[in-house]
Amino acid sequence: MIMKFSFNWLKELVEIKKSPQEIAEMLTMHFTEVDAIEELGKNLENVVVGKVLDILPHPNADKLKIPIVDIGNKRFKIVCGAPNLESGKLVAVALPGARLAGGVEIKKAEIRGVESSGMICTEDELGLGSDHSGIMILPDNLNVGENLAKALGLDDIIFDISILPNRPDAFSHLGLAREIAAITRERVKSTEFRLEEGEEKTEKFISVEIKNPELCPRYIARYLRGVKIGPAPDFIQKRLSACGMRPINNVVDITNYVMLLFGQPLHAFDASKISGKGIKKIIVRKARDGEKIKTLDNEERNLFSDVLVIADSSGPIAIAGVMGGAETEIDERTTDVILESASFSGPAIRRGASKLGLRSEAVMRFEKNLDENLTVIASEYAAYLMTKYASGEILRGAIDVYPRPKKPKAVILEIPRLQKILGIDIKIGEASQILSALEFEVKKISNDILEVGVPSFRDHDVTREEDLIEEVARIYGYEKFSKNLPYGVMRPSEKNPDLELEARTKNIFTGLGFWEVYNKSFLGKELIEKVGLRPDDHIRVANPLSLEHEFMRTSLVPLLLENSVLNLKNRSEIKLFELGRIFEKEVKKENWVKGISEGIRLSAILTKAEGDLIYPEAKEMLDCFLRQIDFIDWWYDPLYLDSKTIFWHKGRTAVLKTGEKKIGVIGEVHPEILTKFDINQRVAVIDLNFKKILDHIKREKKIKPFSRFQQSEFDLAFVVDRLTLVGDLEKALRAGIDPLVKNFKVFDIYEGAPLPEGKKNIAIRFELGALDRNLNDKEIEEVKSKIIDLIEKKFRAKLRA
Amino acid sequence: MEEELKKLKEQSEIDFTKIKTISELKDFEVSYLGRKGKLTLLLKFLPELTRVEKQRLGEIVNEFKAGLEKKIADKGKELRKLEYERIVQTEWVDVTAPGPEIRQGKIHPISKMIDEICKIFHSMGYTIADGPEIEEDYYNFDSLNIPPFHPARDTQDTFWVDPKSVGDRTDILLRTQTSAVQTRFMERHKPPVRIIAPGRVFRNENEDAKHSATFYQVEGLLVDQCINFENLRGTLDIFIKQLLGEEVKTRFRPSYFPFTEPSAEMDVSCTVCGGSGKDSDRQECRTCKGVGWLEIMGCGMVHPKVLENVGYDTKIFTGFAFGVGVDRLVILKYSVPDIRDFYKGDLRFLEQF
């Protein structure tokens, strides 16, 4: 969460001798990064406050006018076309030489024959806002002729800092000033004021009851009467504007000013709008289901029981720590104000605000658990400012409900422990100095042990020794630490065969011409149904980015198909693969997370611009891969032609198996699916369960002796039925073959004339050899006839002459 | 006979000068020295001569024959040389023309970066570990000292799994950080621990050129006796120098992570402007916005609560942890303009790596 800090304000709170840039650099290196340094009046040089004295018509143009402008020591004419030009008003005048936010350079110019000595600017021309409907009308109390930046309090430097969530105390100028003080070893200046209370007691007018002290540990209420609502004093308005807040009226601005100063959000109620006769009762409680409130932003909101509210006798008047109610809002007729300064449980505020979808400056601070003691000074200081700048009378005493006051905390810091964790030889004296600079109460209880009292504003954040060690380390300076490698026993790192195989797989597939892609883990209902899967089988994301990201993928294939569509727009054919996680509902198996099976898939897609068959190429590539990784004996089980698949081309799809275990599927995509994706070429997909591949890799290999004698070769061709599977033939050969056959390979399959219809020719090359001799013709002939016999009998085949 | 020999020699000299090619040389050789060659035939008459003549003519013949053989061999060498020269002259091809196409793919740039990172840490004795992408709240948040409604959850907008998909459990999410692997690994292993865990993580945020709801991180964790903050600096400094180059500088500055204490953010000197903050035209460097440093990874000493959660003795064991965004490293290394392109499978993008 980014907060804007005014450098001028910080300078009032702590002695700063360095430049804003130097301070920003020190904060970055010792506290947290300064995201941006903004010079507020950067584009306002030569822009001054001017007063419109008179307006003359333009002789040559109806839409233009010629105001006469006073800038203190000079009066001159400016040509201007703004609709809201009005005599007597103060306006921003850019004089020649000014360079405005948009880069416009102002020069003396002649506009339609009339000389113009500058420009009267709109908000957006000045870089002060987005309004460009008319010129910017300035408040009446500014000094004519003064530089605009100065007049508006914009001669300031703003730091944008994303305060870390563990440091709500630093969501305030005082908090940041403390850090600067600690880093530069200066002291924070205390805010001096004297609150003069009236005679009448507060409790005669209000009472407070906290129903849920665990959600609201402290509530302070004060009562002011005779308040006059009007604009806040200049210095407050300037501070608010510099920090990006819009001034509203003195009472509201004071609450915001105190928040920006101390970090404690406050709220002011119009006492007359709170129900109840006599003593008005304020109740802090959980909302009741069905209760409603209209908030300051004029939205009617339904409340739930886990939202904490501030209520009066008739119902909620504010959402605690989030936003006030419109019905008790301060307005120009307000005379009596109830000033709330409370602390709320961070998680409760966060939960309530996120349920209501509301964020505010208050939520941003409360949700990080504020210091309960901060409520006291914030309440007093705001009351003081209201008596001073809103003419209010503050009643005597505050209603302070604080059922369980917290006790001061102390943490023991052992210097040897600090040295062990930091690895640096920081002495007890230095550690103690640093902690004191951060306003910790340090007591030395032995030569190397400190008892460190934690200041109230840090006791949510600093609870154990390590927290103190970090404080010492960062103020000491991380950059002073040396860069040493760890000492330790040398142990080899454990092997991770899964990841090794993943890397090899990627290398093999890229070598085969496939590009690796990464797709998202999400897909939408439409795509799921397009490929014939069921949305119900998918794990659903409760809060998806969009409908296309609603379900977790159960397959990598749908998105690979989409990749193909994208790429086929600008190339003729493609080969892609992805190795990634898929997610399935699984009740039985023991997984990482019960009920979810998280698998790894290896999926590849390839397309072919010419011809109408791509399956054999895909299969050859898969074989290549499986050979490379030493996969254990695999075979292809054809998909039954009567199977129910609508994704696969069932005539050209097989299940990859080892033994009877299914490893994956390879096949062409069904023509209907291709039409749905508008792909007009053949597409093959390989979809493998990577974990199962891992389980079936030969871990050991033994090299067999090989024949060093002459090898013999012969080819045989058989005519078989068209539907005879080569795979079956190979299986039969492997099972029942003579040991002299060393190897065989199907090298040609042919259908068509002169073969009869329904037949095909399969040509096989055999390699023969013996370990101890050259084979003679007789031996070779014997083997040949055995093979012929086997194939002819088993497959109703005929040897082709 | 002597006369004939003389004639034959003269004839051979004339014939020899006519030889232009290897095959002519071969013909010449055959016509004189072959089985039916002229010299061979002449020699058949040698036995019919007297002993004295035999001796005298024999010498002449042998000299003639030896001379002829040498001439043939020399001529052969010369002609073959010419022939090779002719071959290489006539067989000229345009060596700059493309050959038959061999299509190869490449691994994804994120895979490549993860490989590089893992190799560096592997060489320092780190084991590669992993965990699930759909994770339990406990591992992603609670065990890392981030209880429910902790403000740190703010910075990591989370995708939650619909309870109906997982037996009505409301604590299942898409992991927002690979730090989730820390507890899973430590639960199953006694210290010392040295792991590196690369993986995909998810954040529920609107996507634009700089933000992707899906991205990759590498988490590192080292727990042992005597591990300190200086070791963390040393380790990460070496890592960055190995990955990005010896000339790259690193710096540490304070940060906050609930699972480390002290916590730090590590910056590296800008890889584009070299840390000067100015580009080649002396304008503000756009990569580092003129700062000279790039925020690259979060790290710190493991919070004792995290170690206590897995039952490690924090008196003996200390450790450090770090997490680095892989996408960001690739983006910096290759000046990638739009992070979303990593997850679109568009070859026009991928082919450039």
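To the nearest 20 debye, what charge dipole does region A:580-727 have about its Cα centre, counting +1 at the Cβ of each Lys and Arg and -1 at the Cβ of each Asp and Glu? It would help to have the intermediate numbers written out before the result.
Numbers: 26 positive and 23 negative charges, 150 e Å.
In total the dipole reaches around 720 debye.
Would you mind classifying region A:121-160 by shape? Square roots of the alpha carbon gyration tensor eigenvalues, ordered a ≥ b ≥ c; an a/c under 1.5 is rounded, otherwise it is prolate if a/b is larger than b/c and oblate if not.
Oblate shape, in that a/c is at least 1.5 and b/c is the bigger or equal ratio.
Considering every residue in A:418-424, what mean count of other chain Cβ atoms within 10 Å of its Cβ is obtained? Spell out each step's value before the answer.
Details: counts 0, 1, 7, 9, 5, 11, 3.
Per residue, the average neighbour count from other chains is 5.
List the pairs from B:LYS18/B:LYS77; A:LYS495/A:LYS657; A:LYS17/A:LYS238; A:LYS585/A:LYS619; A:LYS731/A:LYS760 whose alpha-carbon separation is above 21 Å, in the order I gave them.
Details: B:LYS18/B:LYS77 16 Å; A:LYS495/A:LYS657 27 Å; A:LYS17/A:LYS238 23 Å; A:LYS585/A:LYS619 30 Å; A:LYS731/A:LYS760 18 Å.
Beyond 21 Å between Cα atoms: A:LYS495/A:LYS657; A:LYS17/A:LYS238; A:LYS585/A:LYS619.
Sorted by average packing, counted as other Cβ atoms within 10 angstrom per residue and highest first, what order do A:190-200, A:715-725 take? Working shown, then result.
Working: A:190-200: 11.5, A:715-725: 14.8.
By packing density, highest mean first, the sequence is A:715-725, A:190-200.
Modelled label-to-label distance, A:SER87 and B:MET1, 7 Å Cα→beta-carbon offset: nm?
15.2 nm
Under a 5 Å amide H to amide H cut-off, with H placed in plane at 1.01 Å, what residues pair with A:ILE135 once short-range neighbours are removed?
Distant-sequence amide H within range of A:ILE135: A:ASN84.
Would you tell me the mean number of C-beta atoms belonging to other protein chains that fall within 10 Å of each C-beta in A:469-475, as a whole number? Could you put the intermediate results ahead of the total?
On the way: counts 4, 10, 2, 1, 8, 7, 1.
The per-residue average across the peptide is 5.
In degrees from 0 to 90, rounded to the nearest 10, what is the angle of the helix B:2-17 Cα long axis to the longest principal axis of chain B?
The helix B:2-17 is inclined about 30 degrees to chain B.
For B:GLU91 and B:GLU13, calculate 0.36 nm times their separation in residues minus their Cα-Cα distance, and state this gained length in nm to one decimal.
Details: separation 78, 0.36 × 78 = 28.08 nm, distance 3.44 nm.
Computed gain between B:GLU91 and B:GLU13 is 24.6 nm.
Could you give me the radius of gyration and the Dmax of chain A, taking only the C-alpha atoms into account and expressing both in angstrom?
Computed over the Cα atoms of chain A, radius of gyration and Dmax are 41.0, 131 Å.
Within region A:214-254, whose backbone N sits under 15 Å from a point 7 Å along Cα→Cβ of A:LYS201?
A:223
Straight-line reach from A:LYS108: which lysines fall under 25 Å, measuring Cα to Cα and dropping same-chain residues less than 8 apart?
Hits, sequence-local ones excluded: A:LYS42, A:LYS51, A:LYS63, A:LYS65, A:LYS74, A:LYS77, A:LYS89, A:LYS150.
Sticking with the crude label model, points 7 Å out along Cα→Cβ, report the distance from A:SER482 to A:PHE747 in nm, one decimal please.
Here the modelled spin labels are 7.1 nm apart.
Return the aspartates and glutamates within reach of A:LYS204: Cα separation strictly under 12 angstrom, same-chain partners fewer than 8 residues apart disregarded; answer none if there are no such residues.
Within reach: none.
Estimate the FRET efficiency between A:LYS409 and A:LYS589 by the formula 1/(1 + (r/R0)^6), using the beta-carbon distance for r and 51 Å for R0, to the nearest 0.05. If you can, show how the numbers build up before the last one.
Details: r = 48 Å, r/R0 = 0.95.
Computed FRET efficiency for A:LYS409 and A:LYS589: 0.60.
How far apart, in nm, are two points set 7 Å out from the Cα along the Cα-to-Cβ line at A:GLU299 and at B:LYS26?
A separation of 9.9 nm, rounded to one decimal place.
When chain B is treated as a GNM, springs tying every alpha-carbon pair under 10 Å, which of B:GLU69, B:GLU135, B:GLU219 comes out with the largest mean-square fluctuation?
Result: B:GLU69 has the largest fluctuation of those listed.
For chain B, what does the helix formula give at 222 nm: sum of -39500 (n - 2.57) over DSSP H segments with n ≥ 4, over the residue count, nearest 500 deg cm²/dmol? Intermediate results must be reported in sequence, preceding the final value.
On the way: 11 runs with 137 residues, N = 353.
Only helices count here, giving -12000 deg cm²/dmol.
Going down the list B:LYS106/B:LYS305; A:LYS692/A:LYS742; A:LYS702/B:LYS190; B:LYS106/B:LYS190; A:LYS650/A:LYS691, which pairs span over 32 Å between their C-alpha atoms? Could you put the intermediate results ahead of the total?
Details: B:LYS106/B:LYS305 43 Å; A:LYS692/A:LYS742 30 Å; A:LYS702/B:LYS190 37 Å; B:LYS106/B:LYS190 39 Å; A:LYS650/A:LYS691 25 Å.
Listed pairs above 32 Å: B:LYS106/B:LYS305; A:LYS702/B:LYS190; B:LYS106/B:LYS190.
Specify the angular offset, from 0 to 90 degrees and rounded to the nearest 10, of the alpha carbon long axis of helix A:20-30 from the longest principal axis of the alpha carbons in chain A.
Value to nearest ten degrees: 50.
What aspartates and glutamates sit close enough to A:LYS530 to cross-link, taking a C-alpha to C-alpha distance under 18 Å and skipping anything fewer than 8 places away on the same chain?
Reachable aspartates and glutamates: A:GLU548, A:GLU550, A:GLU562, A:GLU668, A:GLU672, A:ASP678, A:ASP687.
Helix B:51-90 versus the longest principal axis of chain B: what is the Cα-based angle in degrees, 0 to 90, to the nearest 10?
30 degrees
What does the highest-first list of A:431-444, B:9-22, A:621-634 look like by mean Cβ count within 10 Å? Show your work: numbers first, answer last.
Working: A:431-444: 18.1, B:9-22: 12.6, A:621-634: 16.5.
Going from most to least packed, we get A:431-444, A:621-634, B:9-22.
How high is the FRET efficiency from A:LEU725 to B:GLN352, r the C-beta distance, R0 41 Å, rounded to 0.05? Show your work: numbers first, answer last.
Working: r = 44 Å, r/R0 = 1.08.
Efficiency at R0 = 41 Å is approximately 0.40.
How big is the dipole moment of the protein assembly as shown about its Cα centre under a simple scheme where the beta carbon of each Lys and Arg is +1, that of each Asp and Glu is -1, and everything else is neutral? Debye, nearest 20, please.
Working: 173 positive and 183 negative charges, 543 e Å.
Result for the protein assembly as shown is approximately 2600 debye, rounded to the nearest 20.
Tell me which residues come under 5 Å, amide H to amide H, from A:LYS201 once H is placed; ignore anything under 5 positions away on its chain.
Under 5 Å from the amide H of A:LYS201: A:ARG396.
Within 10 Å of each Cβ of A:533-543, how many other protein chain Cβ atoms are there on average? List each step's numbers first, then the result.
Values: counts 0, 0, 0, 1, 0, 2, 8, 6, 10, 11, 7.
Whole-number average of other-chain Cβ neighbours for A:533-543 is 4.
Every read-out reported here was derived from the displayed coordinates using simple, explicitly stated rules and does not represent laboratory data. These numbers were taken from a predicted model, which means no experiment stands behind them. Every residue, glycine as well, gets a Cβ built from its backbone with ideal geometry; the counts of neighbours run over all protein chains shown.
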